[in-house]
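For reference, the structure is listed below as structure tokens.
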Amino acid sequence: MEPTELKNILVEKENNIGIISMNRPKALNALNSETLSELRTAVFTLGNDPDVGVIIITGSGEKAFVAGADIKEMKDMTPMEARHFMHFGQSVFSDIDNLPKPTIAAVNGFALGGGCELALSCDMILASESAKFGLPEVTLGIHPGFGGTQRLPRLIGSAKAKELIFTGQMIDAKEAERIGLVNKVVSQESLMDEAKGLAQKILKNGQIAIRLVKSAINAGLNVPLEKGLAYEAETQGLAFATEDKNEGLNAFLEKRKPNFNNR
Ligand code: CO8
């Protein structure tokens with residue numbers, strides 16, 4: 001499927017940035033199976049596009065980033081269907097987490113349940129002042145299932161994650177920033193410009209180095225320190241095999257800006 005054929009998601013490219021906009025306004029961009037499937041297509045397409053160095057995920061409009069998994073669709077699921085839906089959502093979000101290029105969630109409104117988990121699968125989260133975060137699943141008698149029980153405690157620590165998950169309470173953008181869930185809070189009007197500006201700062205650097213260091217950081221989060229350090233040495237060894245490394249070090253010594261060619 002071409003991204004242009006997607007019904008619930010918009011995909012654009014601008015100056016080496018891929019932009020995925022969740023666009024199902026009648027349900028506040030809630031994730032039904034079709035939307036999740038389209039998200040996977042969009043992620044795969046931009047992930048494999050050599051012209052795209054950074055991916056931004058946002059929600060269309062000003063009200064919602066994503067208001068969670070689709071409650072109407074989940075209501076009549078059998079336990080096995082729910083389990084399958086969870087595996088599907090988890091795999092799409094892991095695809096995002098494992099993308100070899102940086103990802104930025106630009107959260108423009110409600111990021112609840114699966115929406116908060118979608119933001120958590122990105123490398124960095126920018127939020128508008130009106131954004132709201134929460135994992136309200138227990139208020140529905142279920143619990144987070146698209147990675148929230150794992151990624152949230154890794155990011156903000158288990159006690160704060162448990163508080164948010166056990167109470168199901170929503171927090172505003174400032175509180176999300178204070179607890180380390182959000183990198184930066186900006187105005188609604190400047191959200192996309194800020195996200196693109198952050199992407200451009202990343203794009204100025206050696207893209208192979210970025211790819212390698214992302215894999216080192218991600219791998220290190222799930223293994224003991226010694227193993228993470230060993231992995232870091234391996235990825236750095238690979239960085240030393242690139243033309244970009246020669247260009248970057250020479251440019252510094254020649255007092256000029258580097259011109260990386262991503263080789
Ligand atoms: N699913 C389906 N439809 C939704 C969702 C949703 N998650 N959220 C909002 N909508 C729909 C509403 O039903 C409404 O539709 P309609 O106009 O047809 O009645 C429309 O969007 C607008 O919503 P509201 O009228 O409720 O708008 P408000 O401004 O009054 O409230 C809120 C906005 C606070 C965001 C409110 O809509 C809300 O609380 N939504 C639900 C949030 C939520 O609980 N999310 C978690 C869902 S569970 C989840 O994500 C689990 C993930 C993985 C588990 C997998 C298990 C199988």
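The values are calculated or read from the model by the stated rules, or taken from the named source; none is laboratory data. What you see is a predicted model; the values in this text were computed from it and never measured. Here Cβ is always computed from backbone atoms with ideal geometry, including for glycine, and neighbour counts include all displayed protein chains.
May I ask you to list the residues in segment 105-118 that are within 12 Å of the ligand (Cβ to nearest atom) and within 18 Å of Q188 (Cβ to Cβ)?
G109, F110, A111, L112, G115
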Log entry, pairs with first residue in segment 95-113 being farther than 18 Å from S215 by Cα, second being at pLDDT below 95 and surrounded by fewer than 24 Cβ atoms within 10 Å (Cβ to Cβ), beta carbons closer than 8 Å, six or more apart or on different chains, reads N108/G61; N108/E62; G109/G61; G109/E62
If you go through Q150, Q188, the only one that is in a helix (DSSP H, G or I), surrounded by fewer than 17 Cβ atoms within 10 Å (Cβ to Cβ) and either acidic (D, E) or at negative phi (or both) is Q150
Looking across segment 183-220 at residues that are charged (D, E, K, R) and touching a residue at least 24 places away in the same chain (Cβ under 8 Å), the single one that is farthest from N261 (Cα to Cα) is K184
Reported set for segment 52-71 where residues are near the ligand (Cβ under 8 Å from one of its atoms) and either touching a residue at least 60 places away in the same chain (Cβ under 8 Å) or surrounded by fewer than 19 Cβ atoms within 10 Å (Cβ to Cβ) (or both) is K63, G68, A69, I71
Note: among G147, G168, just one is closer than 21 Å to S37 by Cα, within 9 Å of the ligand (Cβ to nearest atom) and touching a helix residue (DSSP H, G or I) at 6+ places or on another chain (Cβ under 6 Å), namely G147
Reported set for segment 173-182 where residues are touching a residue at least 24 places away in the same chain (Cβ under 8 Å), surrounded by 15 or more Cβ atoms within 10 Å (Cβ to Cβ) and not in a helix (DSSP H, G or I) is L181, V182
State whether the residues of segment 11-25 include one that is touching a strand residue (DSSP E or B) at 6+ places or on another chain (Cβ under 9 Å), assigned by TED's automatic domain parsing to the domain that holds L99, within 16 Å of the ligand (Cβ to nearest atom) and over 28 Å from I202 (Cα atoms).
yes
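Conditions tested, residue by residue: (1) modelled with pLDDT under 95; (2) of a type outside the set (D, E); (3) surrounded by fewer than 18 Cβ atoms within 10 Å (Cβ to Cβ).
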site: G197; (1), (2), (3): no, yes, yes
site: Q200; (1), (2), (3): no, yes, yes
site: I208; (1), (2), (3): no, yes, no
site: E243; (1), (2), (3): no, no, yes
site: R263; (1), (2), (3): yes, yes, yes
Restricting segment 122-135 to residues that are buried (at least 24 other Cβ atoms within 10 Å of the Cβ) and within 15 Å of the ligand (Cβ to nearest atom), the one nearest to R151 (Cα to Cα) turns out to be L135
### Query
Is it true that K101 is assigned by TED's automatic domain parsing to the domain that holds A176, more than 8 Å from the ligand (Cβ to nearest atom) and of a type outside the set (A, V, I, L, M)?
yes
